[in-house]
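Q: Before we start, here is the structure in question, set down as structure tokens.
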Amino acid sequence: MTHPSSKKVAIVTGASSGIGAIYADRLAARGYDLILVARRADRLEALAAQVSKAHGIKAEAIVADLTKDQDVARIETILATNGDVQILVNNAGLARLAPAAQMGADDVGSQIALNITALTRLTQAAVPAFVARNQGLIINIASALAVHSLPISAIYSGTKAFVLQYSRGLQQELAETGVKVQLLLPASTATEIWDLSGVPLAALNQETLMTTEHMVDAALAGLDQGETITWPSVADASLWDKYEAARSALFAGTQAGKPAPRYKIV
Ligand SMILES: NC(=O)C1=CN([C@@H]2O[C@H](COP(=O)(O)OP(=O)(O)OC[C@H]3O[C@@H](n4cnc5c(N)ncnc54)[C@H](OP(=O)(O)O)[C@@H]3O)[C@@H](O)[C@H]2O)C=CC1
Ligand SMILES: CC(=O)[C@H](N)C(=O)O
């Protein structure tokens, strides 16, 4: 095992707006140097300058399109080789909300490439490096839509369901190590993602919308309380326990080795 570094670096993908920009600010406030990743250089550089000044940390902007193989590879290399990286926030994501049958291949492919492939590749690059140091945190941002599909969210919900199951499996694999995976499942949060998705932010019930600051602060409070699964807007935490109990009972029910009696197959 290599020794943990005294320098603390966090990589935040999708830091140029919304939830990622607030993560950058909050992690800088906790003393982390930052590597900020997204496509919009101007936004990233302005944020890097602002958080460096506000919190006295170092922040580097890396312009990358995480739907592109070579750009993901550049961030994978940093994760695999920079021994100071302690946190990966897999936040970059996009939504295209429309019936799947009417969605073009580009919109299907870009959601899968960013929400699933990039998140998975970056996590897979981080895990061996973190395990070697027996230290590290991966924050995977799914969505409440990971457990709920709408007629316009089949692809987006599917990508977030992947993040849920992938993160749950990893948590079990890493349980005996010092590496932690926090799975975050926010509900509607007021960001640019909505106007880009085809469902304008203004069309949502404003009472169901959380601010980015509240969302990230709740997620970090959950992390500080030792949560591995955080539902920032869910007041009754026992709902997840009940969901898990039902899911586990359903899975146990599949292990019968014969057709269910209701099918009357002898
Ligand atoms: N807002 C909400 O209601 C909810 C959001 N989420 C999830 O939260 C995460 C953050 O989204 P949110 O802050 O809302 O949305 P934003 O649209 O504000 O932020 C998305 C971020 O991802 C970046 N991004 C988009 N495409 C790419 C790309 N090809 N390569 C690299 N970066 C990219 C954007 O930067 P740039 O365009 O500069 O590349 C931006 O920084 C997403 O994973 C989303 O699914 C989950 C539940 C609810
Ligand atoms: C645009 C959305 O659907 C939102 N990101 C969510 O996950 O709820």
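Q: Which helices (runs of 4 or more DSSP H) does segment 143-228 wholly contain that include 3 or more residues that are hydroxyl-bearing (Ser, Thr, Tyr) and within 13 Å of ligand 1 (Cβ to nearest atom)? First the steps, then the outcome.
A: Numbers: elements: 154-173, 193-197, 212-224.
Helices (runs of 4 or more DSSP H) meeting the threshold: 154-173.
Q: Could I ask something else about it? Failed condition for Leu196, given (1) within 13 Å of ligand 2 (Cβ to nearest atom); (2) buried (at least 17 other Cβ atoms within 10 Å of the Cβ), with all others met?
A: If we test Leu196 against (1) within 13 Å of ligand 2 (Cβ to nearest atom); (2) buried (at least 17 other Cβ atoms within 10 Å of the Cβ), just (2) comes out false.
Q: Return yes or no: is Leu66 within 16 Å of the chain's Cα centre (by Cα) and farther than 27 Å from Ser110 by Cα? Steps first, please.
A: On the way: within 16 Å of the chain's Cα centre (by Cα): yes; farther than 27 Å from Ser110 by Cα: no.
No.
Q: Going residue by residue through segment 115-138, is there one that turns out to be in a loop (DSSP other than H, G, I, E, B) and crowded, with 20+ Cβ neighbours inside 10 Å?
A: Applying the first criterion (in a loop (DSSP other than H, G, I, E, B)) to segment 115-138 yields 134-135.
Pick out the ones that are also crowded, with 20+ Cβ neighbours inside 10 Å and you get none.
Within segment 115-138 (the criterion being in a loop (DSSP other than H, G, I, E, B) and crowded, with 20+ Cβ neighbours inside 10 Å), the answer is no, since none of the residues qualifies.
Q: May I pose another question? For segment 20-50, which positions are within 15 Å of Ala92 (Cα to Cα) and surrounded by fewer than 24 Cβ atoms within 10 Å (Cβ to Cβ)?
A: Answer for segment 20-50, where residues must be within 15 Å of Ala92 (Cα to Cα) and surrounded by fewer than 24 Cβ atoms within 10 Å (Cβ to Cβ): Arg39, Arg40, Ala41, Arg43.
Q: Let me ask another. Determine which member of the set Arg121, Arg96 is touching a residue at least 24 places away in the same chain (Cβ under 8 Å), more than 16 Å from ligand 2 (Cβ to nearest atom) and either in contact with a helix residue (DSSP H, G or I) (Cβ under 7 Å, 6 or more places away or on another chain) or within 15 Å of Val179 (Cα to Cα) (or both).
A: On the way: Arg96 fails: more than 16 Å from ligand 2 (Cβ to nearest atom).
Exactly one of Arg121, Arg96 is touching a residue at least 24 places away in the same chain (Cβ under 8 Å), more than 16 Å from ligand 2 (Cβ to nearest atom) and either in contact with a helix residue (DSSP H, G or I) (Cβ under 7 Å, 6 or more places away or on another chain) or within 15 Å of Val179 (Cα to Cα) (or both), namely Arg121.
Q: Identify all residues within segment 191-214 that are among the hydrophobic types (A, V, I, L, M, F, W, C) and in contact with a helix residue (DSSP H, G or I) (Cβ under 6 Å, 6 or more places away or on another chain); write none if there are none. Let's see the steps before the verdict.
A: Of the residues in segment 191-214, the ones among the hydrophobic types (A, V, I, L, M, F, W, C) are 193-194, 196, 199, 201-204, 209-210.
Answer for segment 191-214, where residues must be among the hydrophobic types (A, V, I, L, M, F, W, C) and in contact with a helix residue (DSSP H, G or I) (Cβ under 6 Å, 6 or more places away or on another chain): Trp194, Leu201.
Q: I would also like to ask the following. Considering only residues of segment 99-114 that are of a type in the set (A, V, I, L, M, F, W, C) and away from ligand 2 (no atom under 16 Å from the Cβ), which is most open to solvent (accessible area, probe 1.4 Å)?
A: Start the filter on segment 99-114 by keeping residues that are of a type in the set (A, V, I, L, M, F, W, C), which leaves 100-101, 103, 105, 108, 112-114.
From what is left, the residues that are away from ligand 2 (no atom under 16 Å from the Cβ) are 101, 105, 113.
Details: Ala101: 106, Ala105: 85, Ala113: 24 Å².
Per the stated criteria, the residue is Ala101.
Q: Still on this structure, please answer the following. If I go through segment 183-217 residue by residue, how many of them are of a type in the set (D, E, K, R) and touching a Gly at 6+ places or on another chain (Cβ under 7 Å)?
A: Step one: filter segment 183-217 for residues of a type in the set (D, E, K, R), giving 192, 195, 207, 213, 217.
Within this subset, residues satisfying the condition of being touching a Gly at 6+ places or on another chain (Cβ under 7 Å) are 192.
So the count comes out to 1.
The values are calculated or read from the model by the stated rules, or taken from the named source; none is laboratory data. Every value quoted in this text rests on a predicted model; they were computed, and no experiment measured them. FYI the Cβ positions are ideal-geometry reconstructions off the backbone, even for glycines, and counts take in every protein chain you see. Surface areas here come from the heavy atoms of the whole protein model, side chains and all, with no ligands, DNA or RNA. Shrake-Rupley method; radii C 1.70, N 1.55, O 1.52, S 1.80 Å.
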